[in-house]
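Working notes for the structure below.
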Amino acid sequence: MTPKRKRLWLLVGSLGVLCVAAALVLTALNDNIVFFYSPSQLAEKKPAPDRRLRIGGLVEQGSVKKEGTEVRFKVTDLKQSVSVVYRGILPDLFREGRGVIAEGSLDSNGVFTAREVLAKHDENYMPPEVAKALKESGRWQEGSGKK
Amino acid sequence: MIPELGQYALILALAVALVQGTLPLVGAARGDVRLMALGRTAALTQALLVILAFAALTQAYVTSDFSVANVVANSHSAKPLIYKLSGVWGNHEGSMLLWALILSLFGAAVAIFGTNLPDSLRARVLAIQALIGVGFLAFLLFTSNPFERVFPAPPDGNGLNPLLQDPGLAFHPPLLYLGYVGFSVTYAFAIAALLEGRVDVAWARWVRPWTLAAWCFLTLGIALGSWWAYYILGWGGFWFWDPVENASLMPWLAGTALLHSAIVVEKRDALKSWTVLLAVLAFSLSLLGTFLVRSGVLTSVHAFAQDPARGMFILGFLLAVTGGGLALYAWRAPQLQGGGLFQPISREGALILNNLLLCTLAATVLLGTLYPLFLDLVTGAKVSVGPPFFNATFVPIAMALFAALCVGPYLGWKRAELLPALVRLRAAFAVSVIAAIVAAVAIDGRATLAALCLGFGVWLITGSLLEFYQRLARTHWRLPPRASLGMTIAHTALGVVVLGAVATAAWHVELIKTFKPGDSASFAGFQIKLQEVVPINGPNYVAERAILAVSSDNGPYTTLTPERRLFTVQKRQIAETSIHTNILRDLYAALGEGDAEKGWTVRLYYNPLAPLIWLGAALCALGGFVSLSDRRLRIGAPRGSKGRSRGAVQPAE
């Protein structure tokens, strides 16, 4: 084989691998990206039930109720709120009035079943999505969540 | 007084780094021996100064000097000494100082061990290394000064984030940084080679040990981080495809590719410009990782409070390093003439396939990690890309890599035959297929994909060991050179990791249950009974400890004691899991909130083969170190590789 031919083959091979990877990536992205909704957006857009999504906001004061291993609480952006049910151990930094992100899906009654409630390493940390959602609802200013 | 000395030392280090980053370059361009020699002295001086600064900060932590803002924010007088020490790098400023320290130590190591490098190459490598140092020292001094004072000094500090008060995490950052920063040396060598316009066998022989060392440390750092997440987060998982985890995985993948392509440059004088490009990319990905972690642009379980100014600085630095490197590459790389010719089916061909697949893996991880940022910028939509995406893209490509991995070592340089290699591997193939079928039938009929992955794990182990055995038999039982021994160890270890990861992910058993004292539950063949929950007083926390008696059919088996610790200074609760392991499986318990009346929530996991994940990763790094001890790669070995020097093995401590 001439060097030119060889380089051609190498190129074809690399492109082949890249195409397969690109196809994998695109289908996977299509099926698996998880959109983030604030409680207001959730009320407005009403995503299809059983679609995996993320919600975020503040844990509403006085809304946390525990029954056995099941926890019910409300996530609010101070305009709208959504009921969440979660089975399992909550992360250590889960507190009423603090920012929270939950991943799961809505059921047909509009209750959000969380499969995961995200923990943070740092208690002053406000997830960017939550900060944005709160800012959009106009009830929260930069810095006010830090104390 | 001492903190000020530390700060002066940092400022002086910046000045020295500026000199080291410029004059030797001029010297190398003009052929001025004195200017070139300056690089060596400057590198040692810079390292000394940064060591001084680091020692000053350490002193402030150990003596709990609360007039230093950083100590106030991250330490407390009641903290155990080991966490006072690890507190030095358990925060933003300190961890950046650690980065600068390791960077300057690597620079000094090049200066010390590089005495027989060509003068101009050494001068250039040290200069590039210093320019990176300038970036980090300026970053420290201008945006994140660790020595800032507070007046009046508070009586006590706020304490270290309790999640970080853990032996696993105390050593995670230094190891990870040794890996990240180690790639700066390879980067410096690549840029120096581009400036020289020459990449030869000697260059590759120089670059490979540094890459190998960085890679070993990065492997250990990632493994330690994953182990920490496994036992402290209480979720029973070992890898969450979190942006911060991905940030360390990308340079690892690129570094692994670099490790393999440098072999081709060394042995066959080919793939030169590709190797140089990979060296630039590996370090760029390390910096990207730092940027992602330090800027907080991505939501992550690891994300710490963000600071836009710092993020912008690192982003700018990242653009300069990557952009500058790539621009220089585009300009000078065409001059790098490729050497040895080879057929597609050959050792070179196999290593190219390895590089292709590893880079594709790195690219998919990069895409999945940055896609949310990209979409946010373009459309404003907030999305996250989670494990399903990575499982759907990463796993198939990794399988292709695993399939090819065992064949590569059978192929000779320049040209080889595929069929004979496959024939010699037939036993390994048979064993793997049987293992996959047994797993599919015996354990779980539905998890075909997991069974297939398990088969690949077995294939990696048996294939690598078989090749090793056949080579031993051929060479009349003489041990092969350490570089190839290291390869066998690392490849086998990869199979061990795959086994552990697949078994844990696919066949773990989980139970979440509320226990009142006296309650029991049957779980994975054991009886678990909550005997009592007792209060515990730790050095800087109070805790409640659950006593879970575990018994099997043969009577009492063990006791699990998960805790919930309340750190009194920060008023934060942390769950401390309890794990009973016998290498073949982990029995894992985490304690949730509760009280005697309502009962405590307890989360139980049975994780088959989980310990193999970290055992395999440690073995992988060991393979790297064994390979590093090969005399051909020994730092300071003369060009002809016939060096008689014994001893010094690792380029950096």
- Query: What size of dipole, in debye to the nearest 20, comes out for the protein assembly as shown about its Cα centre when the only charges are +1 on Lys and Arg C-beta atoms and -1 on Asp and Glu C-beta atoms?
  - Reply: 2620 debye
- Subtract the Cα-Cα distance of B:R474 and B:A403 from 0.36 nm times their separation in residues, and report this length gain in nm to one decimal. 23.1 nm
- Task: May I ask you to sort B:D119, B:D595, A:D92 by Cβ crowding, counting other Cβ atoms within 10 Å and putting the fewest first?
- Result: B:D595, B:D119, A:D92
- Message: Taking the beta-carbon count within 10 Å as an exposure proxy, list B:H491, B:H172, B:H476 from fewest neighbours to most.
- Response: B:H476, B:H491, B:H172
- Just subtract the alpha-carbon distance of B:L326 and B:V433 from 0.36 nm times their residue separation and send over the number in nm, one decimal. 34.1 nm
- Note on the structure: Inter-chain shielding metric for B:360-369, i.e. average beta-carbon neighbours from other chains within 10 angstrom, reads 3
- The local net charge around B:Q531, scoring Lys/Arg +1 and Asp/Glu -1 for residues other than B:Q531 whose Cβ lies under 14 Å from its Cβ, equals 0
- Within straight-line cross-link reach of A:K66, lysines at Cα separation under 23 Å, skipping those fewer than 8 residues along the same chain: A:K74, A:K120, B:K513, B:K516, B:K529, B:K571, B:K598
- Charged-residue dipole, Cβ positions (Lys, Arg, Asp, Glu), chain B about Cα centre, Debye nearest 20: 2300 debye
- Along region B:157-165, what does the Karplus equation 6.51 cos²θ - 1.76 cosθ + 1.60 (θ = phi - 60°) give for ³J(HN,Hα), rounded to whole Hz, x for Gly and Pro? x, 8, x, 7, 2, x, 4, 8, 7
- Query: In percent, how large is the relative contact order of region A:15-108, given Cα pairs closer than 8 Å and 6 or more residues apart?
  - Reply: 30 percent
- Gyration tensor on Cα atoms of the protein assembly as shown, a ≥ b ≥ c root eigenvalues, a/c under 1.5 rounded, else prolate if a/b beats b/c, else oblate, says oblate
- Query: How high is the relative contact order of region B:221-276, given as a whole-number percent (alpha carbon pairs under 8 Å, six or more residues apart)?
  - Reply: 21 percent
- Part-to-part distance (alpha-carbon centres) for region B:145-223 and region B:555-611, which is given in Å: 33 Å
- Task: Mind jotting down a quarter of the surface of the convex hull over the alpha carbons of region B:509-609, in square nanometres, one decimal?
- Result: 6.7 nm²
- Query: So what's the net charge close to B:Q59: Lys and Arg +1, Asp and Glu -1, counting the other residues with Cβ under 15 Å from its Cβ?
  - Reply: 0
- Where does the charge balance sit around B:L485 when Lys and Arg score +1, Asp and Glu -1, over other residues with C-beta under 11 Å from its C-beta? +1
- Task: Grab the DSSP H runs of chain B that are 4 residues or longer, score each as -39,500 (n - 2.57), total them, divide by all residues and round the 222 nm result to the nearest 500 deg cm²/dmol.
- Result: -21000 deg cm²/dmol
- Return the whole-Å distance between the Cα centroid of region A:1-79 and the Cα centroid of region B:9-59. 47 Å
- Query: Quick one: B:V125, B:V626, B:V68, fewest Cβ neighbours within 10 Å first, how do they rank?
  - Reply: B:V626, B:V68, B:V125
- Message: Under 8 Å for C-alpha pairs, at least 6 residues apart: give me the relative contact order for chain B, rounded to a whole percent.
- Response: 12 percent
- Item | chain B shape via C-alpha gyration tensor axes, a/c threshold 1.5 | oblate
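Bear in mind these aren't lab numbers, they're just calculated from the coordinates by the rules spelled out. Quick caveat, the model's predicted, so the values are computed rather than measured. Here Cβ is always computed from backbone atoms with ideal geometry, including for glycine, and neighbour counts include all displayed protein chains.
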